[in-house]
Structure formats: C-alpha cells, structure tokens
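The values are calculated or read from the model by the stated rules, or taken from the named source; none is laboratory data. Bear in mind that the values here come from a model prediction, so they are computed numbers and not experimental data. Cβ atoms come from the backbone with ideal geometry, glycine included; neighbour counts cover every protein chain shown. SASA here: full protein model, heavy atoms, side chains in, ligands and nucleic acids out. Shrake-Rupley method; radii C 1.70, N 1.55, O 1.52, S 1.80 Å.
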Amino acid sequence: MAMRVTCDHPHYYTLTSAMTLSAGPTRPVGNWTAVVTEFVLLGFSLSREAELLFLVLLLPTFLLTLLGNLLFISTVLSCSRLHTPMYFFLCNLSILDIVFTSVISPKVLANLGSGDKTISFAGCIIQCYFYFSLGTVEFLLLTVMSYDRYAAICSPLRYTAIMRPPVCIETVVFSWVGGFLSVLFPTILISQLPFCGSNIINHFFCDGGPLLALACADTTAIELMDFMLSSMVILCCVVLTAYSSMYIILTIVRIPSASGRKKAFNTCASHLTIVIISSGITVCIFVTPSQKEYLEINKIPSALSSVMTPFLNPFIYTLRNDAVQGVLRDMCIRV
C-alpha cells in the first residue's frame, strides 16, 4: 500500500512497502523503499507573471515553427522542379525540426500554463532520449547536406552521378538511425540509476546533466561516455563540414563571372548560416566535461536549440532561396 510523503516539494517521492515489488529507481529508507515516480522541472527562475508572458511568446513561436516547416515541405512536394537532392535533405531537416520542437515545447507550454511543472519518470527519460538523439540526427544531416553542396559546387558535371537517389536515401537513413542508436545505450544506463533525495530538475526539460545531478550513484562513467560520444559526433561533423565549406568557398571565388559567383553563393549561404548557428549552440551545450557545474548557463543555448533554431530554419532557407521564392510566388498567383 503506497503513501505520499511531503518534503521539499509536494511531488517528492512515493513510499511503498519494502515487501512490495516496485518498478523504477529505488533506495531503502528503513523498512520502506523510496520510489521516484516523477520529477519537477524547475525551469527559469521567473515570477508567475513572467512565466505567463513567456507562455504568450512561446506559443506563437511554436505554432509558426510548425506552420513554416509544414509550408516548406508542402511547397517542395507540390513542385516537381524542387525534387532534387538538396530539397530532399531540406525536407528531412524540416521534419526533424517539427519533431524536435514538439519534444520540448508542448510540455513547456503545459507547465507554464498550468503552473504544474511535474513530469513522470518515464516521460522524463523519453524526453531526454529524443532530445539528444534528434540533436545528433541534426548534426549528421547537416554534414550530409554539406557534402551535397560540395558535390554541387565543386563537381557540377558529376553531381547527378554522385548524389543518386539511392545515395541520398541511404545517407538520410544513416543520419536518422545513427542518431537514435548513438544515444540509446547512455539513456538506458541513466534510466537504471538510483534516484533519491530531491527530484527537482534544474532545467526547463529533462536534460542529461541536471538529471544525472540527482542520481545517488557515481555518474562519472556515464558523464564521460556522454562527453566522448557527443564530442566525437560534433567534432567529426564540424571537421567534415568545415572541409566541405572551405572547398566550396575556394571554388566560388574562382568562378569568373560575378553572376555565377552570386548564384553559387546564394545556393550555399543559407546552409552555411544554419550550420554556424547549430554548431555554435550545440558546442556550448554538449562539449562540457563537467556538466553539473554549468546547469544555469546551459539553459540559454538549450532554449535556442529547441525553440529558435527550428523556428528560424524554414525562413532562412526560404528567404535565401530564389527557387523556393519563385514557387511560392507562383502558388500565390494561382490562388
């Protein structure tokens, strides 16, 4: 028979008889066992009025993110001349942005609106897994897109042979599967950790660092594994992207005509913008040897990566892309 115990927060933990089989991380307390059934997301240190203001700002941003990415996908699907490898990758990036922001924003909106900042243990682990796996997918996908632009600018005559449909599909599948598998084992280890004491997560979502800070066991090995995996993925992707970008820039500079240089630059400018934004934010979040010491600092880039980047991506690709603008103008004229 379970009973509720109130400590620092009304959603602290649940006590069950030690003779009762219970799921989830536990610790013994005399003849009882403390079971963490939910966490409390502390979020930003804001007054209730400031939280409601943040809600008013976040809700339209979330809706515009969904609308902008869905509009971009529908535009590409409706126009045959946009059925090229570059727009195939961009559609996958838009799908990724929709899923990525949907992992974080709805729960944040619900917490801000209701004032109840709790999240179940299972929901917390799932949110943590999808946040990091989708972040890894984004880096892999941006690296593939960099190679696509490299092939288009540096080897235009061989581009169709290099970026054949099977190659495009295989690289996209690798990005999605690789991202989800790379985070699976560390997430399983985190889910098996014993949690006791406070269950208040010092973040606005279930981030790995604040979650590990609540564990009652030594998390050094898991933190080191997270650091090595994130560093390896990020650094490899950044190096490959930088290599491709360097050759792209050198090739564009050598184009004799000004119109040719402008056209080639417009093709790659939006992609380079997104890469710089994503790389800068992600490096601030993930490549941190001791995450527990930087919980407050990491809230800002985490908010930018989960809310602002998915919001900006479709607008950046549309505003810097003459082909998409032309299709949108044609659609408006037909309407």
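Taking the stretch 224-246 on its own, how many of its residues are open to solvent by 90 Å² or more (accessible area, probe 1.4 Å) and either in contact with a Lys or Arg (Cβ under 9 Å, 6 or more places away or on another chain) or not hydrophobic (A, V, I, L, M, F, W, C) (or both)?
1
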Practice problem: Evaluate the following for E138: is it modelled with pLDDT of 90 or more, open to solvent by 50 Å² or more (accessible area, probe 1.4 Å) and of a type outside the set (F, W, Y)? | Solution: no
Practice problem: Tell me, yes or no, whether the stretch 52-73 has at least one residue that is farther than 22 Å from F205 by Cα, modelled with pLDDT under 90 and over 20 Å from the mean Cα position of the chain (by Cα). | Solution: yes
Quiz item: With respect to S182, is the statement that it is crowded, with 20+ Cβ neighbours inside 10 Å, of a type outside the set (D, E) and in a helix (DSSP H, G or I) true?
Solution: no
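Please specify each residue of the stretch 255-269 satisfying the condition of being of a type in the set (G, A, S) and either in a helix (DSSP H, G or I) or surrounded by 17 or more Cβ atoms within 10 Å (Cβ to Cβ) (or both).
A258, S259, G260, A264, A269
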Quiz item: Considering V108, V99, V76, V103, which residue is surrounded by fewer than 16 Cβ atoms within 10 Å (Cβ to Cβ), part of a helix (DSSP H, G or I) and among the β-branched types (V, I, T)?
Solution: V99
Quiz item: Within the group S80, S102, S94, which residue is out of contact with any helix residue (DSSP H, G or I) (no Cβ under 9 Å at 6 or more places or on another chain) and of a type in the set (S, T, Y)?
Solution: S80
Quiz prompt | Per-region count, the stretch 31-45, residues under 24 Å from the mean Cα position of the chain (by Cα) and open to solvent by 20 Å² or more (accessible area, probe 1.4 Å) | solution = 4
Exercise. Output the residues belonging to the stretch 124-136 that are within 15 Å of S102 (Cα to Cα) and either touching a residue at least 24 places away in the same chain (Cβ under 8 Å) or not in a helix (DSSP H, G or I) (or both).
Key: C124, Q127, C128, Y129, F130, Y131, F132, S133, L134, G135
Practice problem: State whether one or more residues within the stretch 159-179 are over 14 Å from the mean Cα position of the chain (by Cα) and within 17 Å of E38 (Cβ to Cβ). | Solution: no
Practice problem: Search the stretch 229-254 for residues that are more than 29 Å from G208 (Cβ to Cβ) and assigned to a helix (DSSP H, G or I) and pair each with any residue that is open to solvent by 80 Å² or more (accessible area, probe 1.4 Å) and hydroxyl-bearing (S, T, Y) when their beta-carbon atoms are under 8 Å apart and the residues are at least 6 apart or on different chains. | Solution: S244/Y147
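Restricting attention to the stretch 187-209, report how many residues are within 17 Å of the chain's Cα centre (by Cα), assigned to a helix (DSSP H, G or I) and not polar (S, T, N, Q).
Matching residues across the stretch 187-209 total 2.
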Quiz item: Restricting attention to the stretch 211-222, does a residue exist that is among the small types (G, A, S), within 26 Å of the chain's Cα centre (by Cα) and under 27 Å from S45 (Cα atoms)?
Solution: yes
Quiz item: I119: open to solvent by 10 Å² or more (accessible area, probe 1.4 Å), at pLDDT 90 or above, of a type outside the set (K, R) and not in a helix (DSSP H, G or I), yes or no?
Solution: yes
Practice problem: Inspect all residues belonging to the stretch 53-68 and state whether any of them is outside any helix (DSSP H, G or I), without any contact (Cβ under 8 Å) to a residue 60 or more places away in the chain and surrounded by fewer than 16 Cβ atoms within 10 Å (Cβ to Cβ). | Solution: no
Exercise. Scan I188, I201 and give me the residue that is crowded, with 20+ Cβ neighbours inside 10 Å and of a type in the set (A, V, I, L, M).
Key: I201
Quiz item: Which residue out of F185, F204 is within 30 Å of L42 (Cβ to Cβ), modelled with pLDDT of 90 or more and not small (G, A, S)?
Solution: F185
Self-check item: Pair list, Cβ < 6 Å and 6+ apart or interchain, from the stretch 168-195 residues that are under 19 Å from E138 (Cα atoms) to residues that are part of a helix (DSSP H, G or I) and of a type in the set (D, E, K, R)
Solution: P186/D226
Self-check item: Matching residues, the stretch 126-135, being under 16 Å from H203 (Cβ atoms) and open to solvent by less than 20 Å² (accessible area, probe 1.4 Å)
Solution: Q127, C128, Y131, G135
